[in-house]
Each structure stands twice: as C-alpha cells, then as structure tokens.
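The structure under discussion appears below in the form of structure tokens.
Every number in this text was worked out from the coordinates using simple rules, so none of it is lab data. Note that this is a predicted model, so its numbers are computed, not measured. So basically every Cβ, Gly included, is an ideal-geometry build from the backbone, and we count neighbours across all protein chains shown.
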C-alpha cells in the first residue's frame, strides 16, 4: 500500500472511531435505572374478587370546587361541602358558607354542623346561625359527630377530640394521653375521623397507629383494634384509615389513602368484606370521605372525580 | 466630495454610534441582571427518574430534600420503607431507597426522624414517590447548588417530561416546600 493509501486508511479509521464513540456516548452515556428503582403498587392493588361484596350504583356529581366533606341523614338526604357552599341532594339546594368546610355533620332535627379549621358553624333549618369556636390555637378540625347531647369534634392540629354542648359550652377533651398506658392520638397529617355508634360510644381513628379506638361519651377508653399492614386485613401508609362510617349493624366502614380502598370491619376488627378495591379509584384517595344511609348504602366522596359514589350490597 | 456623499457618511456614523450605544447598554444591563440557576418546581415534578440519569454529573446534582416541618415522623414511613416491607427495621430488604441514602433515627415513641445522605442520594425520586403516595409529601427533589455546575443548557431540563425545571435567581436558588424550611436555609 502506498503512503497516501495508508494515510487515507488511518484517516477513515479515526473518523469511524470518532463517530462510533459519539454515537455510543450519546446513547449509552448513563444506564437507565434498573428494576430496583421501580415504584409500583400494582400487585398490592389486586383484591380477591370473592371479598368484594358491594357493587357501584349511579353516582351523584357534585357541582362544587374543592369538594371536601360529606354527611347523610337517616332519610337519605345527602350533604356535600366544597368551596363556599354545601350542596343538598336530591333537592339540589345550596347553602352558602364562608370558606371551604373541612367536615360536616347533621343531627336528628336537621340542624347542619359545618366544621372549618378552627370553628363549627351551626346552621339551623330556620333561624340564626351560631358558632362554636375551638379553644385551641393549633386547631384543625377534620371530623364532626353529633348526638342528642353533644357535639364531638376531631381536632388533628391539637391531636384531641373535643366534646361540646350543642350551644358550644363545656369543652371536654376525649382520648388524652394519661401516662398510665393510654397512648393518646398520633396524627401525622390532617386525617382524623370519628363516628358515633348506636350505643352512644364514639369510634375514633388513631391513624399513626393504624388503629380504631372506642371511647364512651364521657371519655372512658373502651377498646381498640388495628393492624399496620398494606395487606387487605390491615391499614398501611402513614395515616390510615382516613375516614370511617358505621353501618346500622355496627360494622365499621373504612377508607384508606395511598392504596385507596374501602372495606368493612366487624366491631372486633376482623375483616368482613371489601366495598371498593384500589382499582376503582384513579387518585391517591387522600380526600375520601364516607357516610352510610339508613338502607346500609355506602356513600364515598371521591374528590378526584367530584362525585359521591354509591355502593350497594350485592344480592 | 458632494453633499450626497457627506450625507451618506453622516448617516453611517450616526447608525454606528447608535449601534455602539445600544450594544454598550445591553452589555451593562446584562451585567446588572441577576445570575440565574436551574431549579425543580416540586409541585410539577412527577418523580420520573430522569434527574438520576440525565445530569452531566455522576451522581446527579439533583438530591432529595426533606421538609421536617411537613414530615409526620412516622414509624411506618412510606418514603423509607418499601410498601410491601415485611418489617419496620432498618434491614436492607425493607428499605425503599435503592442506594440506602436515608437514615432513620428513633426520637421518642412512636416518632422517627429521617435524614438524607447527600453523598449516597442519586436523585432517582423513588422515596419522593413513596412519601407522596402514603405520606405528607415532605420528601422532594431539588438541584443542589453546592454540586450543580449550572450548565447553560441543562440536560435534565431538556429531558424533563413535566417542565418542572426552570431558571430562578441565584439569590433564592431553592424552591422549598415550606416557609419554615425557607427560614432555616
């Protein structure tokens, strides 16, 4: 080979190496993240179909911004709260409020209790509205429950359940840590729900412990149950369940976030069945709220869809 | 030299002077404008993982930041533990972070503190996803300006699918999640 030929061969080889190196570095400069970097809840979202005892009926569409809370009367009148209003179904009425409520409750006489961060607005059917102001500068109300005698308010900011008279007086604290084994409420985020049982006792979520606790209206601790687990029998994540409601037979309906699902537990904590599997929800379930009507239908407030989803027991 | 030629020269000189003045003004203005840096908007970030693979530095200049004022200090932490973890101890099989960049310290029952080891963190965002799904969202990604070389054309910004990267003044180089974190920093 002539010298010129050798030079051309060298030149061609160098060009090929440079182009090849450029292509390699351009496409293989850094390996993609491997399987160990995948975060998937797909396997955990699967639920044994034989556990699902409910089917979904036609939902109610909520025409409000920042849909935030749900309540239902024994007669089946549904109240849904959102920005600056509470909607009433099926009448399609609108009750104007100032701000976005964080929780709702309705008593046997149709008086509506609208919870905001630090106060409760009492909205009678007729007459003037009054307020109960929570005596805590850390107040963040997340749930209300009302019976003949008392108004109960779950305060995630203060990590307390307040009990007031209907006029807002006699504030009393339920569930306080007592140093004698009573552990107090562990509330990592603004998810702290309560519900009144037919025997007058109060069920409360202790979300940091993934537990439910039963207290008397006088504040006596009665029982607790709960398992920390993402398995179907337990509650996973940092603060679950995010919402509870009671069935007429005492069954406890629970809603969870993260792995959004709705289940029913017996009062002893054992799993009765699943109402809605995680695959039924499109979001993370952080804003789910629950209510049960007298017919035993389970109403789930789904803020991602702006719907009140209705689940009925399968025949 | 006739008047027409004189006029042309005068016009040329005026144009050249105007161009010089404008150029000088633009240069001066550039000097006065704040230095800009790249940062991630935590509200837009989708934890896609490209921060770990597309930075010109290895490991990436993107790191996980922790807002302690938002954190719930949970025992069952969604950012620290795998969702299907069998236990809540510090065993590698339970940890979500693939590079073991999060350390867990017992504070008092039932609270634990979580700290990010920046030397181990590669900015993959797996813990951010776990914290977002199950927790309060106290873990989030930020460009660490102690490491970032501030490329004019940021390779991650180019690859970011959610337009979460943007230029912000270097004087406030972080988009922190809470006011308290801003005060501390």
### Message
Can you compute the modelled spin-label distance between residue B:113 and residue B:41, with each label point 7 Å from Cα toward Cβ, in nm?
### Response
3.3 nm
### Query
What is the order of A:43, B:43, fewest Cβ neighbours within 10 Å to most?
A:43, B:43
### Query
With the calculation restricted to Cα positions, what are the radius of gyration and Dmax of the stretch A:31-102 in angstrom?
19.7, 61
### Query
Under a no-solvent Debye model with one identical scatterer per Cα of the stretch B:62-170, what's log10 I(q)/I(0) at q = 0.22 Å⁻¹?
-1.20
### Task
Using a 10 angstrom cutoff on alpha carbons, build the Gaussian network for chain A and name the most mobile of A:87, A:257, A:125.
A:125
### Query
Relative to the first principal axis of the alpha-carbon coordinates of chain A, what is the inclination of helix A:3-28, with its axis defined by its Cα atoms, in degrees from 0 to 90 and to the nearest 10?
10 degrees
### Task
Compute the distance in nm between two label points, each set 7 Å from the Cα along the Cα-to-Cβ direction, one at residue B:18 and one at residue B:88.
7.5 nm
### Message
Working only with C-alpha atoms, what are the Rg and Dmax values of the stretch A:175-315, expressed in angstrom?
### Response
14.5, 49
### Computed label-point distance, nm, for sites residue B:158 and residue A:216 using a 7 Å Cα→Cβ extension
7.2 nm
### Hypothetical label at residue A:138: residues of the stretch A:185-225 whose amide nitrogen lies under 14 Å (7 Å Cα-Cβ projection)
A:185-190
### Two-decimal Rg to Rh for the stretch A:1-125 - Kirkwood Rh, Cα set
1.58
### Task
Give the Debye-formula value of log10 I(q)/I(0) at each listed q (0.06, 0.08, 0.09 Å⁻¹), with one equal scatterer per alpha carbon of the protein assembly as shown, two decimals each.
-0.39, -0.60, -0.72
### Summary
Residues B:151, B:121, B:48, A:239 in order from fewest to most other beta-carbon atoms within 10 Å are B:151, B:48, B:121, A:239
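Counting other beta carbons within 10 Å of each Cβ, put B:35, B:88, B:167 in order, fewest first. Intermediate results must be reported in sequence, preceding the final value.
Values: B:35 10, B:88 16, B:167 13.
Lowest count first: B:35, B:167, B:88.
So what's the stretch A:53-313 giving for Cα Rg divided by 2.2 N^0.38 Å, two decimals?
Working: Rg = 16.8 Å, N = 261, 2.2 N^0.38 = 18.2 Å.
That works out to 0.92 for the stretch A:53-313.
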